[in-house]
Amino acid sequence: MYEPQYYKGIKLQLIRRNYTGYAAKRFTLNGTNQNVWIPCKHLHDDGRLKENEDIDYVFRKAQRQLELAGYTEPIQGIKKRTVTGIA
């Protein structure tokens, strides 16, 4: 139930808590403190992602969280490469 899942190479881990009455569940990114909320309409009751669900929009709104979680390379449909340092 709380096993890591992957969406387009992004490691997601459901945070243990009581989600009764919530419209979304919270997941950590890549084993860090960075997190995103994923609407329950994209999840099974146990928190697993439904097959063939397009949740790119969740991650497009979380660009900074992805960067802080270590995702600096491009992810198809979600983000472009993160530029680090000064050229």
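A few points about this structure:
- In the chain, counting only strands (runs of 3 or more DSSP E) that sit wholly within it, the ones holding 2 or more residues that are modelled with pLDDT of 90 or more and crowded, with 17+ Cβ neighbours inside 10 Å span 10-14, 24-29, 35-39.
- Note on region 8-55: residues that are closer than 15 Å to Y71 by Cα, in contact (Cβ under 8 Å) with a residue 40 or more places away in the chain and either out of contact with any strand residue (DSSP E or B) (no Cβ under 6 Å at 6 or more places or on another chain) or of a type in the set (K, R) (or both) amount to 4.
The values are calculated or read from the model by the stated rules, or taken from the named source; none is laboratory data. A quick note: this is a predicted structure, and the numbers were derived from the prediction, not measured. Cβ: placed from backbone, ideal geometry, glycine included. Neighbour counts: every protein chain shown.
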